[in-house]
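Below is one structure; the comments refer to it alone.
Each reported figure results from applying straightforward, stated rules to the coordinates on display, with no laboratory input. Since this is a predicted model, take the numbers as computed values, not measurements. A quick note on method: Cβ atoms are made from the backbone with ideal geometry, for glycine too, and the neighbour counts reach across all protein chains shown.
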Amino acid sequence: MPLSARSYFVQQLLRWNRLANKRHMPWKGEKDVYKIWLSEIILQQTRVEQGLSYYEKFINDFPDVHALANASDTRVMKLWEGLGYYSRCRNLLQTARMVQDIYEGHFPKSYETLLKLPGVGPYTAAAISSFAANAPYAVVDGNVIRVLARFFGINRPAGDAVGKKVFDQLAQDILPNGRSAVYNQAIMDFGATVCKPAAPSCGTCMLRSRCYALNQHAVSSLPVKRIRPEKKDRYLHFIYIQYKGKVCIVQRRQKDIWQGLYQLPAIETSSKNFPAHFRPILTSQPKLWDDTDYTQVLTHQKIHARFYRISVIKKPEIQDGLWINEKELNEFPMPKVLVHFLKNIHK
DNA sequence: AACTCGGGGAA
DNA sequence: TTCCCAGAGTT
């Protein structure tokens, strides 16, 4: 009886993993659920190379869930600064405190329990439960979608509900019995190092003989990509307000980008024009700091930032304003664009 | 179902 | 520039 495509896929993938997978990462083979969870949260929508140093910092500063749960919001957010998607960090802290209070410090390992934790969705619950307990749940991340779409010829976007179900079902169907931990790791390593988004190594791929995309010349068209909404331009004007050697910062609380981070007081305009006034923050007019236009491109927005300065004799009333010493500025977590600005002016 | 949430590296 | 990354939460 001929080997089915699915059996061939799993067999060859595991063979590749055994013979040719050279990828090693500090959390690979880790059995401490806390550390597995930490690595998975950090790596959501984040490249391994980018998350690596953050993982090391977190493990070093917070070696167990208690250390993390008892740390201050600002300290944890400061450590997360620059990694982006800050709701991950807020949920990280919330989960650590939940685990300490509700589970007495014992991190859950079961898929269903993990799913209830804030910041843990289907992918992360499958990853943690399989890595920590070899539970039979297939991970479906960007790597898996790409590998399955190409090898099996899934000509359907994974973004919508139907597509998601198709990929979930297929991934779960082919998950080899009793080897979910090794297999889940293997398919993601394979996607990251062989079946890459651009310029995959098809020439030497151990699955090439039965790969749909390679044989149908569809490698570059699979997986089917979703259309991205247009980026919106936003114009932010930050003011460096000095009063008696102190400077004012505010925390972003609104439901918007960078929630929870700190920044210099700012006003937003709808065009790149110089704002007519800086009310309600200031009644007098600050001066432009320099001609530098700091831009930062996010997934859905393009941020245009300008910086202004003013030194005041009378302390202005600024909503939720924190007046701190200039040397303390680097103790507060801030958006990257402000970190860049502050680094520039202090040298 | 569609939108929103960062930042960086590579093509 | 554009794409995509060990996705999840909200509307």
How much of the DSSP bridge set in chain A is antiparallel, in percent, rounded to the nearest 5? 60
Where does each of A:127-136, A:108-117, A:332-341 land if you order them by average Cβ count within 10 Å, highest first? A:127-136, A:332-341, A:108-117
Could you list the residues of segment A:79-111 with an amide nitrogen less than 13 Å from a label point located 7 Å from the Cα of A:V339 in the Cα-to-C-beta direction? A:79-86
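Once the piece of chain linking A:E326 and A:N134 is laid out straight, how much longer is it, given 0.36 nm per residue of separation minus the C-alpha distance between them? Could you put the intermediate results ahead of the total?
Numbers: separation 192, 0.36 × 192 = 69.12 nm, distance 5.05 nm.
Answer, rounded to one decimal: 64.1 nm.
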Gaussian network model of chain A, springs between alpha carbon atoms under 10 Å - residue of A:Y34, A:Y183, A:Y235 with greatest fluctuation: A:Y235
Over segment A:218-331, calculate the relative contact order: mean separation of alpha carbon pairs under 8 Å at least 6 apart, over the residue count, as a percent. 36
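For A:T46, what charge total do you get from the other residues with a beta carbon under 15 Å from its beta carbon, if Lys and Arg give +1 and Asp and Glu give -1? Numbers along the way, then the final one.
Numbers: positive: A:R47, A:K57, A:R88, A:K336; negative: A:E40, A:E49, A:E56, A:E81, A:D141.
Overall, the nearby charge balance is -1.
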With each label point set 7 Å from Cα along the Cα-Cβ vector, what nm distance links A:D173 and A:I313? 7.9
Loop sites in segment A:179-239: trypsin sites (Lys or Arg not before Pro), DSSP, at most 13 other Cβ within 10 Å: A:K225, A:R226, A:K231
Virtual paramagnetic centre 7 Å along Cα→Cβ of A:K225, amide N under 16 Å, in segment A:299-342: A:299-300
If you take the square roots of the eigenvalues of the alpha-carbon gyration tensor of chain A and sort them as a ≥ b ≥ c, do you get rounded (a/c under 1.5), prolate (a/b over b/c) or oblate? prolate
Inter-label distance for A:H277 and A:W289, nm, one decimal - labels placed 7 Å from Cα along Cα-to-Cβ: 2.5
Helix A:142-152 sits at what angle to the longest principal axis of chain A, using alpha carbons and giving 0 to 90 degrees rounded to 10? 30
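Taking 0.36 nm per residue of sequence separation and subtracting the Cα-Cα distance, how much length would be gained by fully extending the chain between A:Q94 and A:Q301, in nm to one decimal? Before the final figure, lay out each step's value.
Numbers: separation 207, 0.36 × 207 = 74.52 nm, distance 2.75 nm.
Length gained, A:Q94 through A:Q301: 71.8 nm.
For segment A:246-347, take the convex hull of the Cα atoms, compute a quarter of its surface area, and give me that in nm², please.
Values: hull surface 28.0 nm².
For segment A:246-347, averaging the hull's shadow over all directions gives 7.0 nm².
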